[in-house]
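No value in this document is a laboratory result; all are computed from the given coordinates. Quick caveat: nothing in here was measured; it's all calculated off a predicted structure. Cβ: placed from backbone, ideal geometry, glycine included. Neighbour counts: every protein chain shown.
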Amino acid sequence: MTGRGYLYAVAAHVGFILFWQLMVIVADVPSYILPSPLETIAEITDSSYNWWTHTWVTTLEIFGGYTMAIVVGVALAVLFVWVPGLNASLMPLLVTLNMVPKVAMAPLFIIWFSYGIVPNMIIAFTICFFPIVLTTYRGLVEVEPDLINLVKALKANRWQIFIKIQLPGSLPYLFSGMKVAAILAVAGAVVGEFIASEKGLGNFLLIQQNALNTSAMMMALLLITAIGMALYGFVIALEYIFITRKGIKT
Amino acid sequence: MSKMDQEPFVKLEGVKKIFKVGDKEFLAVQDVTLDVREGELVSIVGPSGCGKSTILSILSELHPATEGKVQIGNEMSPFTPGKDIGMVFQKALLLKWRTISDNVLLPAEILGLPIKESRERARDLIEMVGLGKFADAFPQQLSGGMQQRASIARALVHDPRLILMDEPFGALDALTRERMNLELLRIWKESRKTILFVTHGIQEAVFLGSQVAVMTSGPARMAAHFDIDLPEPRTLDVKTTEKFGAYTKEIYHLLGMD
Ligand SMILES: Nc1ncnc2c1ncn2[C@@H]1O[C@H](COP(=O)(O)OP(=O)(O)OP(=O)(O)O)[C@@H](O)[C@H]1O
Ligand SMILES: [Mg+2]
């Protein structure tokens, strides 16, 4: 993004918040329906809500599940490339499993893994690991055939082809998978907390809903968004270092 | 020994290639006979699907010939498979995540050559192909013609005895292509390599080659050879000579295009 691009982006965000504040004032919306941005932000000062505990728990679940998804997803994709039979049998199964609505599986996970931070990590993991496997696998196999011919003419072995060509070539694909997965991981962790948990911002949302405490709910939503933004920003930064900086188009 | 009765560096005799796909057989090319002296630049020209790339893949040991004799190297210049092959394709096929100099270095890495000397050699070659200022740039920052120069440097970095080029300038615009032809002649003279140059362009084939092998399709085979006797060094003026016109006309005729 150019300097001007950043300016526009910031302007759009500020504009949105102003519009929100203005709407609440002009339409005179009661605050239990839609609190203003100022009312929402003010909730952060209320220490009885234990913001930091809830935020920390949700952050752990998201980052934990996400990290697991990357490790397992990339490992599986590599395995698929190295063991052709595995790819032929397991890839169709993966595609089918990907069709199962993972959110609807969350209640089952509670039965299998009980509830708490780790089960929610597993839910976040299940929901976000598919895009990682699928994109990484595609990146690993999508190599120019003539490039393979070129290095094979030099008698390159399979390992050299993998390390020097396939693996680095799959990075742009991995990053596109990681961006999708970042959004899914946030959704996965919060859904897990909805279904059964004692802590975390998703759990907090449900409790405040019973009290019709809308502004605290909005604040929780803001915090979840902030966690997601931090994760996404981290991925974008890595992508910049490895991909964008070199002028590689994704 | 005079140059003429020296053993050829590349010798193909009655080569035939059949591809088996499932239980079906496809005749890719037949009757391939070719003698290339060391240090010679030979063009192979012919329509799409006549087996040009197949010949190169036989020479680079990607596919074995089904029939016939394939011999590379002679007593004076032994040939080591792998180490002695450099390839250039229509696409530059540079690794997007590597700088130009690291791209040029790739064959040296694969062959496990001493990295320090290879780096120096890569730098000299990048200079020779006119990319000195772009050694640390990424391929995406270069034009198509510049990328192709880099891929030529890459084909030379491990000092192979044989360079195989498969329509290397086929994707370039007409002007860049003419310029690259002249560049190639210069690089060929400087590096003294044996080059097999595959092209669709009859004019290009005659302009570059000291010998042109003409392939025809239906059935795919090597149909004729021309020794090209044109003034050296070849400059663009050569293209306006009567002889040049006569060669190209004859090849057009052979390919049934007049
Ligand atoms: N790996 C392969 N398996 C099966 N058939 C092949 C294979 N490679 C080439 N062929 C067939 O061999 C024939 C010759 O192909 P080749 O690629 O050598 O032609 P070409 O002269 O290089 O064509 P072009 O100018 O289009 O590149 C074609 O009919 C092609 O379909
Ligand atoms: Mg071809």
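Residue pairs whose Cβ atoms lie under 7 Å apart, sitting 6 or more positions apart in sequence or on different chains, and linking a residue in the stretch B:128-151 that is within 12 Å of another protein chain (Cβ to nearest Cβ) and under 16 Å from residue A:247 (Cβ atoms) to a partner that is part of a helix (DSSP H, G or I) and among the hydroxyl-bearing types (Ser, Thr, Tyr), are B:136/B:101. From the list B:91, B:83, B:193, the lone residue that is within 20 Å of the chain's Cα centre (by Cα), within 16 Å of ligand 2 (Cβ to nearest atom) and either without any contact (Cβ under 8 Å) to a residue 40 or more places away in the chain or closer than 27 Å to residue B:55 by Cα (or both) is B:91. I'm told residue B:199 meets every condition in (1) within 16 Å of ligand 1 (Cβ to nearest atom); (2) surrounded by fewer than 13 Cβ atoms within 10 Å (Cβ to Cβ); (3) hydroxyl-bearing (Ser, Thr, Tyr) except one. Can you identify the failing condition by its number? The failed condition is (2).
Just so you know, in the stretch B:32-90 the residues that are polar (S, T, N, Q) and more than 15 Å from ligand 1 (Cβ to nearest atom) include one that is nearest to the other protein chains (Cβ to nearest Cβ), and it is B:80. Counted as qualifying within the stretch B:165-258 are the helices (runs of 4 or more DSSP H) with 1 or more residues that are over 24 Å from residue B:91 (Cα atoms) and hydroxyl-bearing (Ser, Thr, Tyr), namely B:242-254.
Can you go through A:126, A:96 and tell me which one is farther than 23 Å from residue A:163 by Cα, under 18 Å from the mean Cα position of the chain (by Cα) and part of a helix (DSSP H, G or I)? If you could, list the steps in order and put the result at the bottom.
Working: A:96 fails: under 18 Å from the mean Cα position of the chain (by Cα).
Of the residues listed, the single one that is farther than 23 Å from residue A:163 by Cα, under 18 Å from the mean Cα position of the chain (by Cα) and part of a helix (DSSP H, G or I) is A:126.
Checking the stated criteria, residue B:105 turns out not to satisfy the condition of being farther than 21 Å from residue A:145 by Cα, in contact with a helix residue (DSSP H, G or I) (Cβ under 6 Å, 6 or more places away or on another chain) and more than 8 Å from chain A (Cβ to nearest Cβ).
Of all the residues in the stretch A:26-54, those that are β-branched (Val, Ile, Thr) and crowded, with 19+ Cβ neighbours inside 10 Å number 1.
Taking (1) at the interface with chain A (Cβ under 8 Å from one of its Cβ atoms); (2) not in a helix (DSSP H, G or I) in turn, residue B:113 satisfies each apart from (1).
If you go through the stretch B:4-30 and pick out every residue that is away from ligand 1 (no atom under 12 Å from the Cβ) and without any contact (Cβ under 8 Å) to a residue 40 or more places away in the chain, you end up with 3.
No other residue among B:136, B:102, B:166 is more than 16 Å from ligand 1 (Cβ to nearest atom) and within 27 Å of residue B:81 (Cβ to Cβ) apart from B:102.
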